[in-house]
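We did not get these values from a lab; they are worked out from the coordinates using the rules stated. Keep in mind that this is a model prediction, so the values were computed, not measured. Reconstructed Cβ throughout: ideal geometry from the backbone, glycine too, with neighbour counts over all protein chains shown.
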Amino acid sequence: MNIEFHVEQVSFPAIDVAKVTSWIERVAAGYGKRVGEVHYIFCSDERILQVNREFLRHDYYTDHIGFDYSVDNILSGDLFLSLDTIRSNAEQLGEQYGRELHRVIIHGILHLVGFKDKTPSERREMEAAEDAALEML
């Protein structure tokens with residue numbers, strides 16, 4: 001198991017790395033999964049736009065982009081999180097920044113678990129899983 005946190009073009013966010021790491025492992029275990037190599041890259045809007053253009057051929061900002069390398073029940077991936085967009089989303093939603101940051105952190109893991117969020121019903125399932133995970137933090 002190896003969860004790493006990195007920054008690109010931003011300062012490291014105020015999170016308790018040990019607590020978040022343990023939380024991620026507990027959430028994954030709740031779905032019968034183990035955490036392998038997961039790399040969180042906290043970045044700026046400009047960096048996530050660059051990743052989006054280069055790897056996904058999309059030309060827009062987003063709060064997260066995930067690359068899933070999971071095999072069987074071992075979750076692995078690179079998860080880019082734009083702290084700029086997360087902060088903007090928190091303000092628009094009237095949510096605390098820290099809660100929104102944790103929501104996006106676990107959102108990436110839930111994608112690795114197998115959750116989707118393209119359709120309205122998939123989004124409802126994802127949001128319910130996020131809410132349940134946030135209760136475990």
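Report, to two decimal places, the Cα Rg of the chain normalised by 2.2 N^0.38 Å (N = number of residues).
Taking N as the residue count of the chain, the ratio is 0.98.
Rounded to two decimals, what is Rg over Rh for the stretch 24-94 when you use alpha-carbon atoms and the Kirkwood radius?
In the stretch 24-94, Rg relative to Rh is 1.05.
Multiply the residue gap between Gln9 and Glu122 by 0.36 nm, knock off their C-alpha separation, and tell me the result in nm, one decimal place.
37.5 nm
Which of Ser82, Ser121, Ser70 has the fewest other C-beta atoms within 10 Å, and how do the rest follow up to the most?
Ser121, Ser70, Ser82
Using only alpha carbon pairs under 8 Å that are at least six residues apart, calculate the relative contact order of the stretch 2-136 and give it in whole percent.
22
Would you mind counting up the charge near Gly77? Only other residues with Cβ under 9 Å from its Cβ, with Lys and Arg at +1 and Asp and Glu at -1.
Taking every other residue near Gly77 into account, the sum is -3.
Among Ile109, Ile65, Ile15, what is the fewest-to-most ranking by other Cβ atoms within 10 Å?
So the residues, fewest neighbours to most, are Ile15, Ile65, Ile109.
For Asp131, Asp117, what ranking results if the residue with the fewest other Cβ atoms within 10 Å of its Cβ goes first?
By the 10 Å Cβ count, ascending, the order reads Asp131, Asp117.
Only loop residues by DSSP count here, and only those with at most 10 other Cβ atoms within 10 Å; note down the trypsin sites (Lys or Arg not before Pro) in the stretch 5-64 that meet that.
For trypsin sites (Lys or Arg not before Pro) across the stretch 5-64 that sit outside H, G, I, E and B with at most 10 neighbouring Cβ atoms in 10 Å, the list reads Arg57.
Each residue of the stretch 116-131 in turn: what ³J(HN,Hα) in whole Hz from Karplus with 6.51, -1.76, 1.60 and θ = phi - 60°, glycine and Pro shown as x?
10, 8, 7, 9, x, 5, 5, 5, 4, 5, 4, 5, 5, 5, 4, 4
Report the gain in length on full extension from Glu54 to Val71: 0.36 nm times residue separation, minus Cα-Cα distance, nm rounded to one decimal.
Here the answer is 3.7 nm.
Is the stretch 68-113 rounded, prolate or oblate when judged by the Cα gyration tensor, a ≥ b ≥ c being the square roots of its eigenvalues, rounded requiring a/c under 1.5 and prolate requiring a/b larger than b/c?
Prolate shape, in that a/c is at least 1.5 and a/b is the bigger ratio.
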